[in-house]
Structures are given as C-alpha cells and as structure tokens.
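The values are calculated or read from the model by the stated rules, or taken from the named source; none is laboratory data. All of these numbers come straight from a predicted model, not from anything done at the bench. Note: ideal-geometry Cβ built from the backbone for every residue, glycine included; neighbour counts use all protein chains shown.
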Amino acid sequence: MQLDVTDPKSVASAAAKLGDVSIVINNAGIISQGASIAADALERGRAVMETNFFGAWAVSNAFAPILKANGGGAIVDVLSALSWLTLEGTTGYSASKAAAWALTNGLRKDLKSQGTQVLAVHVGFMDTDMAAGIAAPKSSPGDIAEKIVQALGNGKSELLADDITASVKSGLSLEAAPYLA
C-alpha cells in the first residue's frame, strides 16, 4: 500500500485499512544535502524533518492503538549512524535522525505498558536508492531485515546493524574521535 508519511490523511487511511498489523517499520527517509547556512537550508531542513521525524511520529501514533489491540507488537525505527554524527552537507539529515532517535527512546517508554516493543535500528550505508551514489560498503536490505527479526525475537531495544554504526557509536565518548575532524 502506498503511504505518504507527511500527509495525515494518507497515514490515517493506512491505519484504517491495516488493522491486523503487528509490526510497524518506520523506514521512510529523505536526505537533502547542502550547507547548513545556505539560503534554502531551512526549507530543506523542514522537508527532511517532516519525513524523517514527524512522519515516523505520525505513523507510530496512528498504529499504536492497532498494535495494542493486536497484543502489543513492535515499532521498528530505521535510523542511521548519522543520528550521532554530522558530516559536511548532512546537517538537516543528521538532525532529523537524532530527533528520530530521541522519539524512538520516548516511544519505547510510552508504549511499554501496552506491551509494544520499540526497536531503534542504526545503519551506516544500506544498498537503497538513497545511497546509490555513495562509493562505500553497503549493507543489503535483506541482511538488515534478518537482523531486525532476530533483534525483535531477542527483545532488543537497539540494533547496531553494521560495523560503521558500531564504530561511530563506540566513538561517542571519545573527546576527539578521528571521524569527527
């Protein structure tokens, strides 16, 4: 089913039609690269936040009652190593993923009482259209899906899906990590 996460009517329609859902995966995402002080930076940033942050929040809110009615289920938020790191030109995307990470952590607390598991999935580069022009090792979407299923089965709250992500997260406590320079 087609779903525009930035359109409240589209989200409501999807929730109305999909009453048997037990797992919701928030994977919609866009990136708009450019300087954070460019003339169009705020416009680009708002578009990215609408999809990557507010879209995930809207979908989670719409489907939370359905998950509750179906025994709890799970919400899976596909995030990024850029939830913790900003590279040149990725300010809006990184901010949106950092906000989505905070949202995921809040949802986990808010939905615990209804038995809904909330999983944060952090990925470096996944072999998707968004990463098509990037010359770097990429994870297969199928491999990531298998890891998600395993993490859900093991009751995990966070999945560091690849070596890039594990490296970035492990460097968070370093005073001056080499990849931040």
Candidate set: region 130-164, residues that are outside any loop (DSSP other than H, G, I, E, B) and at pLDDT below 90; chosen: the one nearest to THR51 (Cα to Cα): MET130
Members of region 11-31 that are part of a helix (DSSP H, G or I) and buried (at least 18 other Cβ atoms within 10 Å of the Cβ): VAL11, ALA14, ALA15
Mind counting the residues in region 1-10 that are assigned to a helix (DSSP H, G or I) and not polar (S, T, N, Q)? 2
When residues of region 75-89 are limited to those that are of a type in the set (A, V, I, L, M, F, W, C) and at pLDDT 95 or above, the one nearest to GLN117 (Cα to Cα): ILE75
Pairs returned, first residue in region 1-29 that is modelled with pLDDT under 95, second residue that is surrounded by 12 or more Cβ atoms within 10 Å (Cβ to Cβ) and β-branched (Val, Ile, Thr), beta-carbon separation under 6 angstrom, 6 or more apart or interchain, are ASN27/VAL78; ALA28/VAL5; ALA28/THR51
Give the residue, chosen from LYS138, LYS97, that is without any contact (Cβ under 8 Å) to a residue 24 or more places away in the chain, within 26 Å of SER32 (Cα to Cα) and surrounded by 14 or more Cβ atoms within 10 Å (Cβ to Cβ). LYS138
Looking only at region 98-126, count every residue that is of a type outside the set (Gly, Ala, Ser), within 10 Å of the chain's Cα centre (by Cα) and not in a helix (DSSP H, G or I) and tell me the total. 4
Checklist (1) within 24 Å of THR165 (Cβ to Cβ); (2) in contact with a Leu (Cβ under 8 Å, 6 or more places away or on another chain) applied to GLN33, failing item: (2)
A careful count of residues in region 53-83 that are over 22 Å from ALA35 (Cβ atoms) and assigned to a helix (DSSP H, G or I) gives 16
Options LEU42, LEU18; residue that is within 25 Å of LEU152 (Cβ to Cβ), hydrophobic (A, V, I, L, M, F, W, C) and more than 15 Å from the chain's Cα centre (by Cα): LEU18
Mind listing whichever residues of region 100-126 are closer than 26 Å to SER32 by Cβ and of a type outside the set (A, V, I, L, M, F, W, C)? THR104, ASN105, GLY106, HIS122, GLY124
Which one is farthest from GLU43 (Cα to Cα), of the residues in region 84-97 that are within 13 Å of the chain's Cα centre (by Cα) and not in a loop (DSSP other than H, G, I, E, B)? LYS97
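Yes/no per residue for (1) among the acidic types (Asp, Glu); (2) touching a residue at least 24 places away in the same chain (Cβ under 8 Å); (3) buried (at least 17 other Cβ atoms within 10 Å of the Cβ):
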site: ASN70; (1), (2), (3): no, yes, no
site: VAL78; (1), (2), (3): no, yes, yes
site: ALA81; (1), (2), (3): no, yes, yes
site: THR90; (1), (2), (3): no, yes, yes
site: ASN105; (1), (2), (3): no, no, no
